[in-house]
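**Student:** Structure in structure tokens, see below.
The values are calculated or read from the model by the stated rules, or taken from the named source; none is laboratory data. This structure is a prediction, so every number in the text was calculated from the model and none was measured. Backbone-built Cβ (ideal geometry, glycine too); neighbour counts: all protein chains shown.
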Amino acid sequence: MLPKLAAAAVLVFLAGPARAGDPADLLARSKAAAGGNAYDAVRSLRHTAKVSTGGLSGAVESLQDLRTGRHVERYRLGPASGAEGFDGRVAWSQDSSGQSRPEEGGDGRLGAIDDAYRDALAFWYPERWPARMEDAGEREEGGRRFGVVRITPEGGRPSPAPPCSGSSCIA
């Protein structure tokens, strides 16, 4: 599952004299490093997890439509339950009573759009969701160089460059 941060930033390990400046090239390389064309046939993802915190136990389920970015996440933790999602137009949340409400405020909507962009893997499939992509230079960590692409999904918030380790990351 992809981490959910403000928006998307991609860091790709630069082996040798590769240049960081071309966002399309870096994104193509990150896709290849993550499995390449195997993602082309994936349409949806379902994640389930058991959680335990503060003496309470429960479960979380997440469903993502990779073609549209629509998503829902449901949880039950002891007596508390709820959900949040994005139907392609409206971000929404649901509380323990089962009452749903649209998240029309700025932060909830921006977060849902950022999540939808990542859920659609639109950084690898730009036809799924328009975005502004820019070269954010290079970063070095642990003796390795990374090219950084900063991505702002249409309707979403600008992304800071996240910390990263390993050969590549998408945050």
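**Student:** Which one of ARG157, ARG145, ARG109 is touching an Asp or Glu at 6+ places or on another chain (Cβ under 8 Å), under 24 Å from LEU63 (Cβ atoms), at pLDDT below 90 and not in a loop (DSSP other than H, G, I, E, B)?
**Tutor:** ARG109
**Student:** Looking only at residues in segment 39-60 that are aliphatic (A, V, I, L, M) and more than 15 Å from ALA120 (Cα to Cα), which one is farthest from the chain's Cα centre (by Cα)?
**Tutor:** LEU56
**Student:** For segment 34-53, enumerate the residues that are surrounded by 13 or more Cβ atoms within 10 Å (Cβ to Cβ), touching a strand residue (DSSP E or B) at 6+ places or on another chain (Cβ under 8 Å) and outside any strand (DSSP E or B).
**Tutor:** Of everything in segment 34-53, just one residue is surrounded by 13 or more Cβ atoms within 10 Å (Cβ to Cβ), touching a strand residue (DSSP E or B) at 6+ places or on another chain (Cβ under 8 Å) and outside any strand (DSSP E or B), namely ALA34.
**Student:** Moving on. So which residues in segment 114-133 are part of a helix (DSSP H, G or I), buried (at least 20 other Cβ atoms within 10 Å of the Cβ) and out of contact with any Phe, Trp or Tyr (no Cβ under 7 Å at 6 or more places or on another chain), if there are any at all?
**Tutor:** ASP114, ARG118, ASP119
**Student:** If you go through segment 98-115 one residue at a time, do you hit one that is more than 13 Å from the chain's Cα centre (by Cα) and aliphatic (A, V, I, L, M)?
**Tutor:** So the first thing to find is which residues in segment 98-115 are more than 13 Å from the chain's Cα centre (by Cα), and the list is 98-109.
Of the ones still in play, those that are also aliphatic (A, V, I, L, M) are none.
No: zero hits.
**Student:** For the list (1) within 26 Å of ALA38 (Cα to Cα); (2) of a type in the set (Lys, Arg); (3) free of Cβ contacts under 8 Å to residues at least 12 places away in the same chain, I need the number of the one condition that ARG70 fails.
**Tutor:** (3)
**Student:** Same structure again: Of the residues that make up segment 89-105, is at least one part of a strand (DSSP E or B), of a type in the set (Asp, Glu) and closer than 30 Å to ARG128 by Cβ?
**Tutor:** No, there is no match, as no residue in segment 89-105 is part of a strand (DSSP E or B), of a type in the set (Asp, Glu) and closer than 30 Å to ARG128 by Cβ.
**Student:** Can you report the number of residues in segment 54-96 which are closer than 18 Å to GLY155 by Cα, touching a Ser or Thr at 6+ places or on another chain (Cβ under 6 Å) and exposed (fewer than 15 other Cβ atoms within 10 Å of the Cβ)?
**Tutor:** Of the residues in segment 54-96, 1 are closer than 18 Å to GLY155 by Cα, touching a Ser or Thr at 6+ places or on another chain (Cβ under 6 Å) and exposed (fewer than 15 other Cβ atoms within 10 Å of the Cβ).
**Student:** Right, here's the next one. Scan segment 74-88 for residues that are at pLDDT 90 or above, small (Gly, Ala, Ser) and assigned to a loop (DSSP other than H, G, I, E, B) and jot them down.
**Tutor:** Passing the criteria: only GLY78.
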